[in-house]
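**Q** Got a structure for you, questions after.
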There are 2 protein chains.
Amino acid sequence: MRHPTDVRRRLLDAARQLFARDGYEGASVRDITRRARANLGAVTYHFGSKEALYHAVFAEFAEPFKRHVAAAVEDGGSALDRIEAIVRAFFHHIESHPEMPPLLLRQLSSGRPVPPPMAEAMRYNVALIVGTIAAGQREGTIRAGEPLLLALGVISQPVYLAVAAPVIKRVAGVDTKSPELRERVIETVAATVRAGLAGPGAPPPRTRRSA
Amino acid sequence: MRHPTDVRRRLLDAARQLFARDGYEGASVRDITRRARANLGAVTYHFGSKEALYHAVFAEFAEPFKRHVAAAVEDGGSALDRIEAIVRAFFHHIESHPEMPPLLLRQLSSGRPVPPPMAEAMRYNVALIVGTIAAGQREGTIRAGEPLLLALGVISQPVYLAVAAPVIKRVAGVDTKSPELRERVIETVAATVRAGLAGPGAPPPRTRRSA
C-alpha cells in the first residue's frame, strides 16, 4: 500500500507542473489527479479543494523564500552589503524553483487574487528590504530616497530577468540561464544594484570568490 | 454606410481589450467581432487571420515604441543622460498604452512565439541601449561591464513596475500608478539607473522641472 504522503507529494508536483503550463483554470482536477496517478477524490482528501492545492503549490516556494532572504541579511556587513546579499538570494531562490517564473506569470496575468502564502512572502521580503534600506540611509551607506520605491527597484531586476528569460533568449538570442552567462548576470545585477543605491559612506564591494 | 476603416479600428480595439483580458486562445473571433459590432467574416477580410490581427494589435504598441525611444536618444547630452531619457521614455510609452502590460503578461505566460512587430521593437530598443552604454563606456560616463547585461538591467525596472503594478498595489498597498506616486516612481528609477551605471567621468544629473 502506498503511503498517503506520497500521494500528497505527487499531487503537489503534478499541480505545480500543470498550473505552470496551463494556468489555474486550464488545469483541471482530473488532469492533476491523472498525472499524479491518484484517484479523482485525492485533491479533496489531501487539500480540501483545488484552490487550497493551488495555495499549497505557492507555499512550497514562498515559505523557504522568506527564510532564504532572511538568512542573506544575517550574513551581516553594512546595509549595502546586505541588500546585495538579498539580490543574490532572490536569484538563487528563483533558480532553484524553475517552475516558479511561469507559475508567477500565469498568476499575474490571470488577475486572480495573489495566493496568501505568496502575498505574505512578498510583504515579508519587501518589508525586510525597506528596513535594510532605511538602516543604510541612517548609517550613510545607502543614498537618500523613498525606501519603498527603492526597494521595488531592487526587486525588479532579479524578478524580471527570471520571468523574461525565455523571451530574452528568443528575441535577443542570449540565454541568461546558461552555465556560461548565469553567474555574470548575477554579478552584473548585484554590482548595478549596489552602485544604484550607494550613499556617501558606502564601503567598497566585499571581495567575492571569483565568478 | 460605415467606412471600412472604422470597422478595422473597432476590430483592433476589441481585439486588444479581449486578448488582454482572456489571452489569445481565450478570445474567439466570434467574441471579437461581436464586441466590434462587425460581421463574423470581418477579421478575415481586414486582417487575413486571427493571428494577423493579434500581430496588428502588438504592432500598434511596438512601432511607436521604437520611435519614442529613438526620440529620447536624440535629445542629446552624455550617454548617461541618454540612458536616463530612455528609461523615462519606457515609462511614458507603457503608461500611454494601458492594455499593454496585461497583454504582454498574457503573451509571456502563453509561451507562444513573440509577435514579430514586438520582437523587432525589443531588438531595436535593446540594440539602442547597448550602443548607448558602449558609447558611454568609451566617453567615461558609464562604468565598465557587459553592455548587453547592463542593458537588460536598465529595461527591467520600468517593465517590471508596469507589469507588476496591480500586484504591488494589492500586496504592498501602494498604487504606483496613482497621480501622487507616478512621478516619484519614475524619478526614483531614473536616479537609480543613473547611479547604477555612472562611470568615473559621469556628469551630475541635469536639472529637471520639479516633479
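**Q** In percent, how large is the relative contact order of chain A, given Cα pairs closer than 8 Å and 6 or more residues apart? All intermediate terms of the calculation are to be shown ahead of the outcome.
**A** Details: 219 pairs, mean separation 45.0, N = 211.
RCO, chain A: 21 percent.
**Q** Can I ask one more? For A:Arg34, A:Arg143, which order do you get if you count the other beta carbons within 10 Å of each Cβ and list the fewest first?
**A** A:Arg34, A:Arg143
**Q** Another one. Please report the relative contact order for segment B:1-97, taking Cα pairs under 8 Å with a sequence separation of at least 6, and give it as a percent rounded to a whole number.
**A** Working: 65 pairs, mean separation 20.3, N = 97.
Relative contact order comes out at 21 percent.
**Q** A follow-up question, please. Taking springs between alpha-carbon atoms closer than 10 angstrom, which of B:Leu11, B:Leu197, B:Leu181 fluctuates most in the Gaussian network model of chain B?
**A** B:Leu181
**Q** Taking each residue of B:161-172 in turn, how many C-beta atoms of other protein chains fall within 10 Å of its C-beta, and what is the average? Kindly include the intermediate steps, with their values, before the conclusion.
**A** Details: counts 6, 0, 8, 9, 1, 3, 8, 5, 0, 4, 8, 9.
Neighbouring Cβ atoms belonging to other protein chains average 5 per residue here.
**Q** In whole percent, what relative contact order does segment B:95-211 give with Cα contacts below 8 Å and a gap of six or more residues? Mind showing how you got there, number by number?
**A** On the way: 67 pairs, mean separation 34.1, N = 117.
Relative contact order, segment B:95-211: 29 percent.
**Q** Could you calculate the FRET efficiency of B:Ser28 with A:Glu51 from 1/(1 + (r/R0)^6), where r is the beta carbon distance between them and R0 is 35 Å, rounded to 0.05? Mind dumping the intermediate values first?
**A** Details: r = 27 Å, r/R0 = 0.76.
Working from the Cβ atoms, E equals 0.85.
**Q** Between copies, how far apart are the B:Pro113 label points? List them in nm, one decimal, shortest first, with each point 7 Å from Cα toward Cβ, please?
**A** 4.1
**Q** Now a separate question. When A:Tyr45, B:Tyr160 are ordered from fewest to most other Cβ atoms inside 10 Å of their Cβ, what list results? Let's see the in-between values first.
**A** Details: A:Tyr45 13, B:Tyr160 23.
Starting with the residue having the fewest Cβ neighbours, the order is A:Tyr45, B:Tyr160.
**Q** Where the label is 7 Å out from Cα toward Cβ, how close does A:Gly48 come to the same position in every other copy, in nm, shortest first?
**A** Taking the point 7 Å beyond Cα along Cα→Cβ, the inter-copy spacings are 5.3 nm.
**Q** Just add up the charged neighbours of A:Glu25: K/R +1, D/E -1, any other residue whose Cβ is under 15 Å from the Cβ of A:Glu25.
**A** On the way: positive: A:Arg21, A:Arg30, A:Lys50, A:Arg106, A:Arg112, B:Arg21, B:Arg106; negative: A:Asp22, A:Asp31, A:Glu51, B:Asp22, B:Glu25.
Here the count lands on +2.
**Q** Report, in debye and to the nearest 20, how large the dipole of chain B comes out about its Cα centre when Lys and Arg carry +1 and Asp and Glu carry -1 on their Cβ.
**A** 520 debye
**Q** With unit charges on the beta carbons (Lys and Arg positive, Asp and Glu negative) and the dipole taken about the Cα centre of chain B, which residue among B:Val130, B:Gly26, B:Ala70 sits farthest to the positive side?
**A** Highest projection toward the positive end goes to B:Gly26.
**Q** Another question about this same structure. So the label point sits 7 Å from Cα along the Cα-to-Cβ vector; using that for A:Asp22, what distances do you get to the other copies, in nanometres, sorted shortest first?
**A** A:Asp22 label point versus its equivalents elsewhere: 1.9 nm.
**Q** In debye to the nearest 20, how big a dipole does segment A:1-48 give about its Cα centre with +1 on each Lys and Arg Cβ and -1 on each Asp and Glu Cβ? Please report the intermediate quantities before stating the final value.
**A** On the way: 10 positive and 5 negative charges, 44 e Å.
I would put it at about 220 debye.
**Q** Neighbour counts of other C-beta atoms within 10 Å: give me A:Asp22, B:Asp81 arranged from fewest to most. Provide the component values of the computation, followed by the final result.
**A** Numbers: A:Asp22 13, B:Asp81 21.
Least to most surrounded, the residues fall as A:Asp22, B:Asp81.
**Q** Additional query: Take each uninterrupted DSSP H stretch in chain A, measure its Cα extent along the helix axis, and return the ones at 27 Å or beyond whose mean Kyte-Doolittle hydropathy is at least 1.0. Let's see the in-between values first.
**A** Values: long enough: A:50-74 (37 Å, 0.07); A:116-139 (34 Å, 0.21); A:147-172 (35 Å, 1.49); A:179-197 (28 Å, 0.14).
Sorted by number, the helices that extend far enough and score high enough are A:147-172.
**Q** Let me ask another. What dipole magnitude, in Debye to the nearest 20, does the protein assembly as shown give about its Cα centre under +1 on Lys/Arg Cβ and -1 on Asp/Glu Cβ? Before the final figure, lay out each step's value.
**A** Details: 58 positive and 42 negative charges, 177 e Å.
Dipole about the Cα centre, nearest 20: 860 debye.
**Q** Name the nearest-to-axis residue of chain B, judged by Cβ distance to the rotation axis taking chain B onto chain A, and quote that distance in whole Å.
**A** B:Gly196, 2
**Q** Once a ≥ b ≥ c are taken as the square roots of the eigenvalues of the Cα gyration tensor of chain B, is the result rounded (a/c under 1.5), prolate (a/b larger than b/c) or oblate (a/b not larger than b/c)? Please list the in-between numbers first.
**A** Numbers: a/c = 2.44, a/b = 1.96, b/c = 1.24.
Prolate, since a/c reaches 1.5 and a/b exceeds b/c.
**Q** Per residue, what volume in Å³ does the convex hull of the Cα atoms of the protein assembly as shown enclose? Numbers along the way, then the final one.
**A** Values: hull volume 69.2 nm³, N = 422.
Per residue, the Cα convex hull of the protein assembly as shown comes to 164 Å³.
**Q** Go ahead and set up a Gaussian network model of chain B, Cα springs under 10 Å, then flag whichever of B:Val154, B:Val69, B:Val167 fluctuates most.
**A** Residue with maximal mean-square fluctuation among B:Val154, B:Val69, B:Val167: B:Val167.
**Q** Next question. Toward the positive end of the charge dipole of chain A, about the Cα centre and with charges on Cβ (Lys, Arg +1; Asp, Glu -1), which of A:Gly199, A:Val159, A:Gln107 goes farthest?
**A** Of the listed residues, the answer is A:Gln107.
**Q** Report the semi-axes of the equivalent ellipsoid for segment A:1-48 in whole Å, largest first, where each axis is √(5λ) for an eigenvalue λ of the Cα gyration tensor. Provide the component values of the computation, followed by the final result.
**A** On the way: eigenvalues 65, 21, 14 Å².
Sorted largest first and rounded, they come to 18, 10, 8 Å.
**Q** Next question. Taking chain B as a Gaussian network, where each spring joins two C-alpha atoms under 10 Å apart, which residue of B:Ser28, B:Ser49, B:Ser109 fluctuates the most?
**A** In the Gaussian network model the winner is B:Ser109.
Bear in mind these aren't lab numbers, they're just calculated from the coordinates by the rules spelled out. On a predicted model such as this, the values are computed, not experimentally measured, just so you know. Please note: Cβ atoms are built from the backbone with ideal geometry, for glycine as well, and neighbour counts cover all protein chains shown.
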